[in-house]
Amino acid sequence: MAKVEVVNWSKKKVGDMELNPVVFEAPVRKDILYDVVKWQLACRRRGTHKVKTRAEVSGGGKKPFKQKGTGNARQGSSRSPLMESGGVSFGPTPRDYSYTLPKKVKQMGLRSALSLLLKEGRLFIVEDMASEKGKTKELAQRLRNFGVEKTVLVAGQKDDMFSRAARNLPKVRYYLTEGLNVYDLLKFDNAVITSDAIDKIVVRCGVRN
């Protein structure tokens, strides 16, 4: 098992923890990471794009100009896609881009992302995530002192004050273990996880202790 240090926010060692090698020392599968990120981004798409067809644009009750003698191609409606301000043929319509990804693939992607961060020294275990006043300035200073800026924070138990302090930091994402995802782990530079969240993450990755 991988043995890592548990530190406080001053980055002083307060203990040790053994991490499950199935989750934190798994092979880094780039193909799986690609599949999971692609699935996440597809599910986030709103799919509200829309253009008007010839049945939806205004006008068109009258023939635009006479059939012969103008030198132009004959037209029967100003709503034709061939006319300026006419409808659009085969344009985008609202649709759902989401699709189903096997649960085991999602779990494998999470294991690969966590293993990659640990391997590169970008995963840290802290003893707690708590804030007395819920001030964004205080949390930003705490993260700078810790040596991270663009980071994912993962806690086992929600602290409302800490959540309030984190939500205004554009380069920080604060989640409980249920919200941990591959896209953010890869997008942000570091991951800071509380010690009480580790067992829950292991279960989320499909491994029973």
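The values are calculated or read from the model by the stated rules, or taken from the named source; none is laboratory data. None of the values given here were measured: they were computed from a predicted structure. Cβ placement follows ideal geometry from the backbone for every residue including glycine, while neighbour counts extend to all protein chains displayed.
So the values come out like this:
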item	result
Contacts under 7 angstrom Cβ, first residue in the stretch 2-31 being under 26 Å from Phe146 (Cα atoms) and of a type in the set (S, T, N, Q), partner part of a loop (DSSP other than H, G, I, E, B) and modelled with pLDDT under 95, 6 or more apart	Asn8/Glu127; Asn20/Met1; Asn20/Val207
Some residue of the stretch 38-53 being in contact (Cβ under 8 Å) with a residue 40 or more places away in the chain, of a type outside the set (Val, Ile, Thr) and either on the phi > 0 side of the Ramachandran plot or touching a Gly at 6+ places or on another chain (Cβ under 7 Å) (or both)	yes
Matching entry among Val154, Val148 (being outside any helix (DSSP H, G or I), surrounded by 15 or more Cβ atoms within 10 Å (Cβ to Cβ), touching a Leu at 6+ places or on another chain (Cβ under 6 Å) and in contact (Cβ under 8 Å) with a residue 24 or more places away in the chain)	Val154
Of all residues in the stretch 157-166 being surrounded by 19 or more Cβ atoms within 10 Å (Cβ to Cβ) and either modelled with pLDDT of 95 or more or touching a Ser or Thr at 6+ places or on another chain (Cβ under 6 Å) (or both), the one that is farthest from Lys137 (Cα to Cα)	Phe162
Only listed residue being crowded, with 16+ Cβ neighbours inside 10 Å, over 26 Å from Trp39 (Cβ atoms) and under 17 Å from the mean Cα position of the chain (by Cα), chosen from Leu117, Leu180, Leu169	Leu169
